[in-house]
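Notes for the one structure printed next.
The values are calculated or read from the model by the stated rules, or taken from the named source; none is laboratory data. Because the structure is a prediction, the values reported are computed rather than measured. No Cβ is skipped: glycine too gets one built from the backbone with ideal geometry, and neighbour counts run over all protein chains shown. To get the accessible areas, we keep the full protein, side chains included, count just its heavy atoms, and leave off ligands, DNA and RNA. Shrake-Rupley method; radii C 1.70, N 1.55, O 1.52, S 1.80 Å.
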Amino acid sequence: MLSGIQPSGDVHLGNYVGALRNWADMQDDYDAFYCIVDLHALTLPWEPARLPGRTVQTAQILMASGIDPERATLFVQSHVPEHSELCWILNCIATMGELNRMVQFKEKTRSKAQDSASVGLFDYPVLQVADILIYDADVVPVGEDQRQHVELTRNIAQRFNNRFGETFVVPEVAVPKLGAKIYDLQEPTNKMSKTAESPRGTVMVFDEPDVIERKIKRAVTDPQSNVRFDPEHKPGVSNLLTILAVATGKAPEELAESYTEYGPLKADTAAALIEFLRPVRERYRELAEDPGETERILKLGAEKAQGVAGATLARVKDAVGLLPRA
Ligand code: AMP
Ligand code: TRP
């Protein structure tokens, strides 16, 4: 199994619920690889001075979320240059047409002219395909927004296998049953994201309890004051019920029956969410005290990852006919 996350430092509730918490759950059932995708972070404007710290911080958040580097392989994408090399070969298999259909690319270029977007942003999905295929991943656990990129991975793996012989494992996507898409609290029809217009709509894992409480209490609902789990007609209320359900382990439809008004629903959701995130925040504080230890873990992770990645890349080069170095 493989998954990845961008090194943005602090992560939001959507990342935690849609991805991180399942990564920790799945590490016992799979040979798990978790990659901090720092090369992907170069596809939009970035701050060079802050990127190394954010990369370490993201690794610490993954560990605080329960990922155990003794069981899973935790590493930084740029430490394993084989990803980039495989990306080049796959660039020659992927087509302009299929990349043009990628929703994430369209969303990230909506506000700007496509002409000024970097080639890296357009090519982002192919690097992701390389991340996945280089570990022979059977399963890729991600949030709903990444489904299309895993679908692309399957298409490229199959195309490659048809042309050059069985080389890649064709992976399956694993999207959580509940919470695969957490919505913005202020704009409940948009996904929760770090780049949202207002930070009030995004709960960060490191938000203090009073901040979480304020954000939940001010969450946008709708004028008909009845509580029902109905994402299509009541997106704001349904998002709150999803968050409460994830935090309590109950079903959102069942929880809805216990409420008639929004006030108590919000109060309970805030309280449950604060407790749900508390252990992550506390474990993170301990880990943050020793960045040297995190860097040591990432070094070991990169060595382990590189062993697997190198073998796959050798197989690929052979399949496409690149002359081995004597
Ligand atoms: P990113 O921060 O974009 O690197 O995303 C890391 C992981 O979080 C990916 O698996 C995403 O699918 C997942 N994710 C991001 N936003 C959300 C959201 N609003 N709801 C659920 N999952 C999300
Ligand atoms: N594109 C993913 C995201 O934004 C991050 C990512 C990069 C990823 N490489 C990956 C996810 C490989 C899963 C597998 O969330």
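What to note about this one:
- Take 98-104, 3-9 and order them by the average number of nearby Cβ atoms within 10 Å per residue, most first; the result is 3-9, 98-104.
- Using a probe of 1.4 Å on the protein chains alone, the accessible area found for Thr153 is around 0 Å².
- Residue-level accessible surface for Glu286, protein heavy atoms, 1.4 Å, Å²: 130
- Accessible surface area normalised per residue over segment 199-285 is 48 Å², counting heavy atoms of protein chains with a 1.4 Å rolling probe.
- Tensor-based shape of the chain (alpha-carbon gyration tensor, a/c under 1.5 rounded, otherwise prolate or oblate): prolate
- Pairs of Lys residues in segment 199-285, spaced 8 or more positions apart or belonging to different chains, with C-alpha separations under 18 angstrom: 5 in total.
- Taking the alpha carbon gyration tensor of segment 199-285, multiplying each eigenvalue by 5 and rooting it gives semi-axes of 23, 14, 10 Å, largest first.
- Summing Cβ point charges (Lys, Arg +1; Asp, Glu -1) relative to the Cα centre of segment 199-285 gives a dipole of roughly 400 debye.
- Eligible aspartates and glutamates near Lys108 by straight Cα distance, threshold 15 Å, same-chain separation 8 or greater: Asp123, Asp145, Glu197
- Taking only protein heavy atoms and a 1.4 Å probe, the accessible area of the chain is 51% carbon and sulfur.
- Other-chain or far-sequence residues with amide H under 5 Å of Ala174's (modelled H): Val140, Val142
- With helices as the sole contributors, the chain gives -15500 deg cm²/dmol at 222 nm; each DSSP H run of n ≥ 4 counts as -39500 (n - 2.57), and the sum is divided by every residue.
- For segment 1-40, a/c is not less than 1.5, where a ≥ b ≥ c are the root eigenvalues of the C-alpha gyration tensor, and a/b does not top b/c. That puts it in the oblate class.
- Spin-label pair Arg200/Ala311, simplified geometry with 7 Å Cα→Cβ offset, distance in nm: 5.4
- Karplus-based coupling profile of segment 163-175, in residue order and whole Hz: 7, 10, x, 4, 10, 10, 7, 8, x, 9, 8, 10, 10, with θ = phi - 60° in 6.51 cos²θ - 1.76 cosθ + 1.60 and x standing for Gly or Pro.
- Largest to smallest in accessible area, the residues Trp23, Trp88, Trp46 fall in the order Trp88, Trp46, Trp23 (1.4 Å probe, all protein chains included).
- Karplus-derived 3J(HN,Hα) values for segment 26-37, using 6.51 cos²θ - 1.76 cosθ + 1.60 with θ = phi - 60°, are 8, 5, 7, 8, 9, 7, 9, 10, 10, 10, 8, 8 Hz; glycine and proline are entered as x.
- Options Ser78, Leu300, Leu323, ranked by Cα towards positive dipole end of the chain, top entry (Cβ charges): Leu323
- Heavy-atom accessible area, probed at 1.4 angstrom with all protein chains present, ranks Arg281, Arg54, Arg163, Arg296 as Arg163, Arg296, Arg54, Arg281, highest first.
- Heavy-atom accessible area per residue - segment 1-102, 1.4 Å, Å²: 38
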